[in-house]
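Below: one structure, written as structure tokens.
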Amino acid sequence: MKTYANIWQDIVRIREKKPLIHNITNMVVMNATANALLALGASPVMAHAPEEVEDMTGIAGALVINMGTLDARWVTSMKKAALHAKKLGKPVVFDPVGVGATAYRTQVAKAFLEEFAPDIVRGNASEIMALAGANGLTTKGVDSSHTAEAAHEAAKELSEGHGIVVVVSGSTDYIVYKEKIAQIRNGMPMMAQVTGMGCTATALCAAFAAVNPDYFEAAVGAMGVMGISGENAGKLASGPGSLYVHFLDSLYQLEEKDILKGLKI
Ligand SMILES: Nc1ncnc2c1ncn2[C@@H]1O[C@H](COP(=O)(O)OP(=O)(O)OP(=O)(O)O)[C@@H](O)[C@H]1O
Ligand SMILES: Cc1ncsc1CCO
Ligand SMILES: [Mg+2]
């Protein structure tokens, strides 16, 4: 299997090219995801004013749309940026945070999916099930109340229906593209107790997609690196606070052998 070599090659490319990643993301995770992108070797920018998002997307290698702290003005910006990215052929990665928790989130997320067919969608199990399923299915806030195993059919449905890569994160991460599926068993449970780890996974998907036009491979790389860094951090951490700090350090210190020896795919 060539997977580990592909992932390492993408990391080297990210560190060399330092692709600009344009994030329209939520106010909880802006700092955390910017730091994670920097630690990986990419160059983050957070910009959401409708007056500038097209210009920013124009100079970026990839666009992240994250609906964590949604409001109408931001939705306008998200649509403008996504439309521009699609026009320029730049990868769009979508995180439907909390879809299924409120009618507004569900409506915005489904409309975004229909209108823009983002290249990669990454969510937790509850979010992916809500996005694929009937309007009645609810998500409890932003945390998952389903296992990723329960969501992989929903992921397949979404992928086939829209021709996009779908990632379900959890104890096992599922990366699905039509009939293709990869499962990654890295990571550790305490990652779910650091806010924005999922949003970080989404941002890393964008960094990989900026250097690898095979978006399935890009998503596999991002989730593998998330998991391996989380696991390495977990060996040194004594709680969620130090896990976050060690996670950034592990991401920064990643070496080829960490991927070769650590990847559980
Ligand atoms: N039980 C677990 N075991 C191993 N890894 C996990 C576990 N739970 C989460 N992770 C990892 O943590 C990261 C975040 O996934 P999670 O599903 O918690 O995202 P999320 O719910 O969208 O988070 P947020 O909304 O706070 O950003 C992923 O890389 C995932 O693989
Ligand atoms: C806690 C929280 N609320 C809205 S976005 C967010 C960050 C994790 O998705
Ligand atoms: Mg999330």
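The values are calculated or read from the model by the stated rules, or taken from the named source; none is laboratory data. Fair warning: this is a prediction, and the values are worked out from it, not measured in the lab. For neighbour counting, all protein chains shown are included, and Cβ atoms are generated from backbone atoms with ideal geometry for every residue, glycine included.
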Just for the range 101-134: of the residues that are part of a loop (DSSP other than H, G, I, E, B) and more than 18 Å from the chain's Cα centre (by Cα), which one is surrounded by the most Cβ atoms within 10 Å (Cβ to Cβ)? ALA101
ASP173 vs. criteria of a type in the set (D, E, K, R) and either at positive phi or within 14 Å of the chain's Cα centre (by Cα) (or both): yes
Evaluate the range 88-96: report whether one residue or more is assigned to a loop (DSSP other than H, G, I, E, B), out of contact with any strand residue (DSSP E or B) (no Cβ under 8 Å at 6 or more places or on another chain), closer than 27 Å to SER144 by Cβ and of a type outside the set (Phe, Trp, Tyr). no
Picking from ALA36, ALA47, ALA60, the residue that is more than 16 Å from ligand 3 (Cβ to nearest atom), buried (at least 20 other Cβ atoms within 10 Å of the Cβ) and at pLDDT 95 or above would be ALA60
For the range 136-179, name all the residues that are β-branched (Val, Ile, Thr) and within 13 Å of ligand 1 (Cβ to nearest atom). THR139, VAL142, THR147, VAL167, VAL168, THR172, ILE175
Identify, from the list ALA210, ALA218, ALA182, the residue that is more than 19 Å from VAL97 (Cβ to Cβ), touching a Cys at 6+ places or on another chain (Cβ under 7 Å) and more than 12 Å from ligand 3 (Cβ to nearest atom). ALA218
Given the condition within 15 Å of THR202 (Cα to Cα) and away from ligand 3 (no atom under 16 Å from the Cβ), answer yes or no: does some residue in the range 67-88 qualify? no
Has the range 149-162 got at least one residue that is under 15 Å from the mean Cα position of the chain (by Cα) and within 21 Å of ASN26 (Cβ to Cβ)? no
Please enumerate the residues belonging to the range 221-238 that are away from ligand 1 (no atom under 12 Å from the Cβ) and either among the hydrophobic types (A, V, I, L, M, F, W, C) or on the phi > 0 side of the Ramachandran plot (or both). LEU236, ALA237
Taking the condition within 14 Å of ligand 2 (Cβ to nearest atom) and either surrounded by fewer than 14 Cβ atoms within 10 Å (Cβ to Cβ) or free of Cβ contacts under 8 Å to residues at least 12 places away in the same chain (or both), does GLY141 pass? yes
The residue that is farthest from ligand 2 (Cβ to nearest atom), considering only those in the range 160-195 that are among the basic types (Lys, Arg) and closer than 23 Å to LEU260 by Cβ, is LYS180
Has the range 17-30 got any residue that is out of contact with any Gly (no Cβ under 8 Å at 6 or more places or on another chain), crowded, with 24+ Cβ neighbours inside 10 Å and part of a helix (DSSP H, G or I)? no
